[in-house]
Amino acid sequence: VSVFDFVPFQPSATHDRVGVPSTTEAYHCAFGGDGSGTGIDLSEPVEFLRLLHALEIDLACTTCGSPYYNPHIQRPALFPPSDGYQPPEDPLVGVHRQIMATAELKRRCPEMIVVGSGYSYLQEWLPNVGQAVLEKEMADSIGLGRMVLSYPELPADVLSGRPMARKKICRTFSDCTTAPRNGIVSGCFPLDPFYKSMPEREQLIAAKEQQGTI
């Protein structure tokens, strides 16, 4: 469930291409928004989760925004996809925003099983933050997306007490998004040996060069 949304963002006209809101006027189209375009009001998402519970749907995974018009709030990353914009905020701000929104939904809908997301940017600190979130009952489970493309063994390593394999940790390069945007299979081309060895990697490099992102 995308539990809140912001106004669409676009690259600025300056050379740095930092993302800026596409409008500064009131924006009333955002589910979970407060009408300002960049604020949150979880009243509607709370009612939606209660409706799910009434329909005997007791598990929901939270996310936010859109991967197409404001990806920095949905999947905080230091490196944007090739058709995106540079992050307008420290990605940790986006991680914190999602954690706190999920915690508020869990507090107001304790009967629901709530899975949080948006943790991959935490990298080495993901297990520590995830553990704290679970201990404080701010979520029931930690969802992993981008991280499992590069490091599918991470949950098993953490739960067994093994050291994390740092060379496998997702560094939010966004190639897993840039690739399918260019008609190429998604995968962790920078870190995973399987994807590194694929001919599609050269296609991805060529596409990024053509778009001027490398």
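The values are calculated or read from the model by the stated rules, or taken from the named source; none is laboratory data. These figures come from a predicted structure and were not determined experimentally. As a convention, Cβ positions derive from the backbone with ideal geometry for all residues, glycine included, and neighbour counts pool all protein chains shown.
Every residue, every condition in (1) closer than 21 Å to TYR119 by Cα; (2) within 21 Å of the chain's Cα centre (by Cα); (3) in a helix (DSSP H, G or I), yes or no:
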{"residue": "PHE173", "(1), (2), (3)": "yes, yes, no"}
{"residue": "CYS176", "(1), (2), (3)": "yes, yes, yes"}
{"residue": "SER186", "(1), (2), (3)": "yes, yes, no"}
{"residue": "GLU202", "(1), (2), (3)": "no, no, yes"}
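Only a single item in (1) touching a Lys or Arg at 6+ places or on another chain (Cβ under 6 Å); (2) modelled with pLDDT under 95 is not met by ASP192, and it is number (1).
Only a single criterion out of (1) more than 17 Å from the chain's Cα centre (by Cα); (2) surrounded by fewer than 16 Cβ atoms within 10 Å (Cβ to Cβ); (3) assigned by TED's automatic domain parsing to the domain that holds CYS61; (4) assigned to a helix (DSSP H, G or I) is not satisfied by VAL148, namely (1).
Please go through the stretch 52-72 and give me each residue that is under 20 Å from CYS29 (Cβ atoms) and either aromatic (Phe, Trp, Tyr) or out of contact with any helix residue (DSSP H, G or I) (no Cβ under 7 Å at 6 or more places or on another chain) (or both), ordered by number. Those that are under 20 Å from CYS29 (Cβ atoms) and either aromatic (Phe, Trp, Tyr) or out of contact with any helix residue (DSSP H, G or I) (no Cβ under 7 Å at 6 or more places or on another chain) (or both): TYR68, TYR69, ASN70, PRO71. Right, TYR27: surrounded by fewer than 20 Cβ atoms within 10 Å (Cβ to Cβ) and assigned by TED's automatic domain parsing to the domain that holds TYR119 or not? Here the answer is no, as TYR27 does not meet what is asked. Give the stretch 102-130 a look and list any residue that's touching a residue at least 40 places away in the same chain (Cβ under 8 Å) and within 17 Å of PRO71 (Cα to Cα), or say none. Selection gives GLY116, SER117, GLY118, SER120, TYR121. Of the residues making up the stretch 43-88, those that are without any contact (Cβ under 8 Å) to a residue 60 or more places away in the chain, assigned to a loop (DSSP other than H, G, I, E, B) and either out of contact with any strand residue (DSSP E or B) (no Cβ under 9 Å at 6 or more places or on another chain) or basic (Lys, Arg) (or both) are LEU55, GLU56, ILE57, TYR68.
Identify all residues within the stretch 30-40 that are assigned to a loop (DSSP other than H, G, I, E, B) and touching a residue at least 24 places away in the same chain (Cβ under 8 Å); write none if there are none.
Listed by number, the residues that qualify are ALA30, PHE31, GLY32, GLY37, THR38.
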